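Each remark here refers to the structure printed beneath this line.
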Amino acid sequence: MTMGLWQNWVLPGIWVTVQLLVYSALLGAVVAFGVGMARTHRSRLVRFAATAYTEIFRGVSALVLMFWLFFVVPPLLGWQLVPMWAAVLALGLSYGAYGAEVVRGGLAAVPPAQREAAVALSLTPWQRMRLVLLPQAVPEMLPSFCNLLVELLKGTALVSLLGVGDVSFAAYLVRLATQDSAQIYTAVLVIYFVLALGVTRSMKALERRAKANLGMVVK
């Protein structure tokens with residue numbers, strides 16, 4: 001494999017993969033915290049809507065949702081989504097549903113005494129969530145979020161089926177050009193491993209910092 005193939009296809013593909021991961025993770029985080037907190041809301045209607053979202057998007061294939069957003073929605077609404085953003089929407093909405101369960105579980109793990117103390121201080125529901133519950137729940141969510149981020153990284157490979165030039169699509173093009181599958185796909189395996197290792201190390205450092213702020217020790 002020549003240096004030109006690396007510079008023209010593989011390296012840009014790595015950058016596209018990183019962009020997909022970042023944008024999808026940001027959307028997924030917004031969805032996860034929004035829907036996850038809604039799962040603990042006092043209103044039964046809000047809880048029902050959040051539960052319905054979680055069950056629907058956990059039960060739908062991210063790949064099929066990606067195709068649906070790209071091929072089905074445009075004729076209905078009269079505008080076309082760029083493949084990159086169709087992929088970001090599909091991945092963010094899908095993995096956000098999994099993240100919502102992480103948020104719900106983290107909030108449920110906060111000791112009831114903390115909630116009672118917040119009520120005794122006459123804090124509003126939003127103040128209780130922002131000042132008491134989330135600061136204690138988020139450090140416990142981070143290991144699960146780390147796993148989700150790694151899964152999301154691997155899930156970005158699905159976008160190659162829409163022709164998005166990520167590292168998987170670049171590998172396909174290189175294989176066609178060189179007729180050598182072993183070298184390029186071995187290289188791509190290493191690339192995904194290195195990216196996943198970077199995500200894991202970063203999340204572990206974030207977990208240490210979050211728990212240190214609460215006086216907890218990370219093993």
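The values are calculated or read from the model by the stated rules, or taken from the named source; none is laboratory data. Computed from a prediction, not measured in an experiment: that's the story for all the values here. Ideal geometry is used to build each Cβ from the backbone, glycine not excepted, and the neighbour counts take in all protein chains shown. Areas reflect the complete protein model, heavy atoms only, side chains present, ligands, DNA and RNA absent. Shrake-Rupley method; radii C 1.70, N 1.55, O 1.52, S 1.80 Å.
Please work out if SER61 is at pLDDT 90 or above, of a type in the set (S, T, N, Q) and crowded, with 20+ Cβ neighbours inside 10 Å. Before the answer, list the steps.
Details: at pLDDT 90 or above: yes; of a type in the set (S, T, N, Q): yes; crowded, with 20+ Cβ neighbours inside 10 Å: no.
Criteria not met by SER61.
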Exercise for review: Tally the residues that are farther than 20 Å from TRP15 by Cβ and either under 24 Å from the mean Cα position of the chain (by Cα) or among the polar types (S, T, N, Q) (or both), restricting the search to the range 159-189.
Suggested key: 5
Exercise for review: State yes or no: is GLU151 in contact (Cβ under 8 Å) with a residue 40 or more places away in the chain, of a type outside the set (Phe, Trp, Tyr) and surrounded by fewer than 17 Cβ atoms within 10 Å (Cβ to Cβ)?
Suggested key: yes
Exercise for review: Within the range 123-180, track down each residue that is among the acidic types (Asp, Glu) and under 19 Å from MET66 (Cβ atoms).
Suggested key: GLU151, ASP166
Study note, to complete from the structure: Taking first residues from the range 86-112 that are closer than 10 Å to SER24 by Cα and second residues anywhere that are basic (Lys, Arg), the pairs with Cβ under 8 Å that are 6 or more apart or on different chains are SER94/ARG58
Check your understanding: For the range 132-147, does any single residue satisfy the condition of being in contact (Cβ under 8 Å) with a residue 60 or more places away in the chain, open to solvent by 40 Å² or more (accessible area, probe 1.4 Å), in contact with an Asp or Glu (Cβ under 9 Å, 6 or more places away or on another chain) and not basic (Lys, Arg)?
Key -> yes
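Check the range 179-201 and report whether any residue there is closer than 26 Å to VAL46 by Cβ, part of a helix (DSSP H, G or I) and in contact with a helix residue (DSSP H, G or I) (Cβ under 8 Å, 6 or more places away or on another chain).
Let us first name the residues in the range 179-201 that are closer than 26 Å to VAL46 by Cβ, namely none.
Among the residues of the range 179-201, not one is closer than 26 Å to VAL46 by Cβ, part of a helix (DSSP H, G or I) and in contact with a helix residue (DSSP H, G or I) (Cβ under 8 Å, 6 or more places away or on another chain), which makes the answer no.
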**Study point:** Options ALA49, ALA120, ALA86, ALA113: the member that is among the small types (Gly, Ala, Ser) and either surrounded by 17 or more Cβ atoms within 10 Å (Cβ to Cβ) or under 27 Å from VAL167 (Cα atoms) (or both)
**Key:** ALA86
Check your understanding: Pick from the range 6-25 the residues that are at pLDDT 95 or above and among the small types (Gly, Ala, Ser): which of them is surrounded by the most Cβ atoms within 10 Å (Cβ to Cβ)?
Key -> SER24
**Study point:** ASP180 vs. criteria touching a residue at least 12 places away in the same chain (Cβ under 8 Å), surrounded by fewer than 13 Cβ atoms within 10 Å (Cβ to Cβ) and of a type in the set (D, E, K, R)
**Key:** yes
Review point. Of all residues in the range 26-44, how many are at pLDDT 95 or above and open to solvent by 70 Å² or more (accessible area, probe 1.4 Å)?
Key: 2
